[in-house]
Amino acid sequence: MTALVSPRAIAPADATASQNMLQLVQLRWLAIAGQCVTILLTHYAFGIALPIVPMLAVLAGLALLNAISMLWLRSGRPIDNRALLVALLLDVLCLSVQLYFSGGATNPFVSLFLLQVVLGSVLLKQGSTWVVVVVTSIAFALLTIIYRPIVLPGDYSTSLFQLHVQGMWVCFALVAVLLVMFVTRINRNLRARDAHLAAMQRQAAEEDHIVRIGLLASGAAHELGTPLSSLSVILGDWRRAPGIAGDPDLVNELGEMQAEVQRCKAIVTGILLAAGEARGEASTVTSVRAFFGRVVADWQAARGFTGLHYDDAFGADVPIVSDTVLQQMLFNLLDNAAEASSDEIRVDLARDGDILAVTVADRGSGFAAATLDAIGAPYNSTKRTAGAGLGLFLVTNVMRKLGGTVQARNRRDGGAEVVLRLPLSALELTE
């Protein structure tokens, strides 16, 4: 069972319009094929004379329009309401020309104008939809007075009215099938867009949460800086006092206290750096292997954890910029693993092309199903302590900012592992 968080897992918001244009292209191919078969059957099989050359030329124009639409889509240029409106109006124009050559408003397939109106109401803004309504209404009205009538052969056994009724049935079935196919796909595109918007809103809420946490932590760090400095000075004075300097036990205890105070000061400094203060001073030139090796060693020394196994399989080293935020993220991840497994933690550093992969595995009880389903959400933890569940939340948001992914899963042989995949371009050293 796995959970994956990626900033690029969701398509961009403007992809909905592109998908709608693609649906129009596919529908147009069906129209071209259907009209081609109908024209050829009517002319050659039924013996009803039609102007083959101009009608097939219209189909060639539709095919050219499709080719242009596909080139536009592949170029990556955005599709807007105006582009969809122009595409629909060109379809209306081609349909009007075809109907002009085949009986005008007496042709049962004149009802296909209604299909264009429905498509416009689904795809376009309200004002553009009314443009389609007006254009199709004018085209229908003109076709009642300007058209080339269909002339049946003298020995034709079926009356024109019977052919009209049969054509109406075929047109009804065709419109019904196309509407179901098209509207179903459009609804799927709209649902995907709504899901994307919901994900963006959730991400914005999470980032706002991070900002508030950062402001609180930065303020607390400023407030703690002064008393920690005072404690450090007082402990130094005590250590030099004659009554304490002669007692080895007190000297050792004061040394431990000074070490803890220095650790607290380092944590406070890290919080301020992570909040963006003095970041220029914190960024230093290093390399992938040196940075991650140092972070793992620092964490192990600070926590006194003896069961950590570090495997560096990255290969040729790459120069990067050291980032305090990334270091703190790894500390949070290792802290979570140590809480779940007090005996053994394994950290693997690897490279997959231009992707840096860091795997942290433990021998604990693994993730609960509900936790995996909500990886990256704040306070998503089975622990009842205050602030629990923020570790992976912070890890996920840092990776999202850097363009990476976080994958969490339970191991088959017991325990859990978290895999961080990060583009090297996010850390590489630039001029």
Report summary line: Rounded to the nearest 10 Å², the 1.4 Å probe accessible area of Tyr310 is 80
Query raised in the report: Where does each of 410-419, 175-184 land if you order them by average Cβ count within 10 Å, highest first?
Result: 410-419, 175-184
Report task. Determine ³J(HN,Hα), in whole Hz, for all residues of the stretch 256-264 in sequence, where each value follows from phi through the Karplus function 6.51 cos²θ - 1.76 cosθ + 1.60 and θ = phi - 60°; x replaces Gly and Pro. Result -> 5, 5, 5, 5, 5, 5, 4, 5, 4
Query raised in the report: Going from most exposed to least, what order do Phe172, Phe291, Phe140, Phe101 have by accessible area with a 1.4 Å probe?
Result: Phe172, Phe140, Phe101, Phe291
**Report entry** Sorted peptide list for 186-195, 398-407, criterion being average Cβ within 10 angstrom, highest first
**Finding:** 398-407, 186-195
Query raised in the report: Would you list Ile68, Ile39 from the most to the least accessible area, probe 1.4 Å?
Result: Ile68, Ile39
Query raised in the report: Once phi is turned into θ = phi - 60°, what whole-Hz ³J(HN,Hα) does the Karplus curve with 6.51, -1.76 and 1.60 give for every residue of the stretch 17-29, x standing for Gly and Pro?
Result: 5, 5, 5, 5, 5, 5, 5, 4, 4, 5, 5, 5, 4
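The values are calculated or read from the model by the stated rules, or taken from the named source; none is laboratory data. In this text the structure is predicted, and so the values were computed from the model without any measurement. Counting neighbours? That spans all protein chains shown, and the Cβs are built from the backbone with ideal geometry, glycine included. For accessibility, only protein heavy atoms count, side chains too; no ligands or nucleic acids. Shrake-Rupley method; radii C 1.70, N 1.55, O 1.52, S 1.80 Å.
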